[in-house]
Each structure stands twice: as C-alpha cells, then as structure tokens.
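What follows is a short report on a single structure.
The values are calculated or read from the model by the stated rules, or taken from the named source; none is laboratory data. Remember, predicted model here, so these are calculated numbers, not experimental data. Ideal geometry is used to build each Cβ from the backbone, glycine not excepted, and the neighbour counts take in all protein chains shown. The area values use the complete protein model at the heavy-atom level, side chains included, leaving out ligands, DNA and RNA. Shrake-Rupley method; radii C 1.70, N 1.55, O 1.52, S 1.80 Å.
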Amino acid sequence: MSFQKRLSSGAFIVLAEMNTPKGVDISRIVTDARRIKGRVDAIVIPDMDNGLMRMSALAGGALMHQQGIEAVIHVYGRDRNRMAIQGDLLAAHVLGIQNLVVVHSEAMANSDHREAKPVYDLDEIEILGMIQTLQGGTDMAGFELDGRPDFTAGCTISPFADVAALEKQLELARKKVEAGAQFEITPPVFDLDRFLEFLEASSSLGVPIIPSIFLIKSVAIARYMAINEPGAHISEGIIRRIRKSPDREMEGVRIAGETIAALKEIVAGVMIQTLGWEHRLPAILDAAGL
C-alpha cells in the first residue's frame, strides 16, 4: 500500500529519515535503505535544511525509487526561488517522487557555507499553495502545464516550550492545512504526557499527526538537548536511565522503540530520526515490535 493510501485509510505509517551523502558515494544510504525495505512505508530525505551542504533531496528520492522504496522529500525556500522550486517539483514527479514535506530550514548562520546568500522567495504557506497550483495544471505565473503533477504534501510543526508557543504553532499549522498540507510531522516526542496534551490541542487541525521519534545516542546528547532545547522536554528520568544502563547505546534504541509502541494506537504514524545512526533503524523497529 502506498504512503498516500495508508495516509487516507488510517493505517499506521512508519517513516525513517535518511540524509544524503556529502559527496557522491551512495553506498551507505543505499545499504541502510535496503536493510529496512519492507519494514517502513517511506524514507524521508532532508534537503540541506540542517545547514550542511549535501547531495540534493531530489537525487536521494530518486535513489530510493530505484530501490523500490517510496520517498518523502523536504521542500523549503531558503536556497531556491519560485522558478527553481517549481522545476524541481516537476522533475520529482517525473522521477517517481510524489510525497513532499514543506519545512522551515536552518539559518545560514548555522550552515557550513555561511557565505551563501539565502533566497526565501516563498515561505512555507506559499510553497504549499504553489504545490496546489501545479496540481491544478498551471505554474505560478498562470501558464498552463503540459501534464499535471500529483503530490501528497505535508508540513512540520516547530518545537514549543510553553502554552503560548504551542498556540502560535497551532495557528501556523492551521494556515498550512488551509494552504494544502495533508499531514503534520511533529518535533521529537520524549514526554508522552505532554505529547498527549498537544495531540488533544491539535485535534482541530483535521489532518493525520505523525510524531518524530529521535534516537538519543548518549547521555551528553540528552543533557545538551534538555538544557539548550527546552521544547524537547527531556526529563531527568530519561537521562538517569541512559546513564545507569550497562549499554547506553542500546538503551537509547529501547527508549525509541518503547515510545513508538506507546504511540502506535493513538497517532497516524511515526518518523524515526537517527541522524547518522541509520544502521540502528532495524533494532529500533525490533524494539517497537514493527
């Protein structure tokens, strides 16, 4: 069953995020993808939105298609103007990539190419509108297309530390849904009680909610996120659990798997983020019972 059909049918969706290489050696991403083929519904390919120059998501999505795996590619406005984005999306459709997630990208101050000039011709809501325009058979200038593309497009919700920030994100999310977003991917979930509160508050959006599941690789990473990313809501209990484990790496895998298992009956799906540890994806899926 395709990603779009699973989304519309209410079947539980499993996504895994994989970055393209910083270079042309595709052996690792292909090997990691093959390890989980048939166990995930699609692989999400970011597009340098973390500020690190890499092979484009368009190429990564095409690689997944060659492996017989569906891809969901990131789309954003930092590096491309409206002409370039439209051209890339038409190319994506022709290459067999029909799933998109419109995201907000990292600022160039955090990039490995800080001298690069940002574009920001279109924001997230405008890009979602542009996708609808292309599917309607015209480009943004009003000229008719020779063949219409067909996409399933979603968006993301940024981390929030308090009620005021949550309300702001939900209002923005509503505008994205009105602009055409068909699903929402949330920030990583570490506190189930807080996530359930968010889920209740977001029920009015009327689209499937897909929470991110982040693999905590070490105590240091958990502590850094707890201090520097207050929206993560990583508790001392989680940090203590990892610290006391005889195998800290596997404890992070178990926590990710347990979180997925706890969410399986209450959300549309999950997106697993391992940030370079894609070799751990099979173990996370095992721990989740998937």
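Quick notes on this one:
- Those residues of the stretch 224-245 which are open to solvent by 40 Å² or more (accessible area, probe 1.4 Å) and either among the polar types (S, T, N, Q) or within 18 Å of P187 (Cβ to Cβ) (or both), in sequence order: Y224, I227, N228, E229, P230, H233, S235
- Pairs are defined by a Cβ separation below 6 Å, a sequence spacing of at least 6 or placement on different chains, a first member in the stretch 7-25 that is touching a residue at least 12 places away in the same chain (Cβ under 8 Å), and a second member that is part of a helix (DSSP H, G or I); the pairs so defined are I13/R6; A16/L281; M18/I29; M18/E278; T20/G60.
- Checklist (1) in a loop (DSSP other than H, G, I, E, B); (2) over 20 Å from the mean Cα position of the chain (by Cα) applied to T133, failing item: (1)
- Verdict on M18 being hydrophobic (A, V, I, L, M, F, W, C) and surrounded by 20 or more Cβ atoms within 10 Å (Cβ to Cβ): yes
- Residues in the stretch 173-193 that are under 17 Å from the mean Cα position of the chain (by Cα), open to solvent by 10 Å² or more (accessible area, probe 1.4 Å) and free of Cβ contacts under 8 Å to residues at least 40 places away in the same chain: V177 only.
The rows are residues; the columns are (1) at pLDDT 95 or above; (2) among the small types (G, A, S); (3) out of contact with any His (no Cβ under 6 Å at 6 or more places or on another chain).
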{"position": "P230", "(1), (2), (3)": "no, no, yes"}
{"position": "G237", "(1), (2), (3)": "no, yes, yes"}
{"position": "R248", "(1), (2), (3)": "no, no, yes"}
{"position": "T259", "(1), (2), (3)": "yes, no, yes"}
{"position": "V267", "(1), (2), (3)": "yes, no, yes"}
{"position": "Q273", "(1), (2), (3)": "yes, no, yes"}
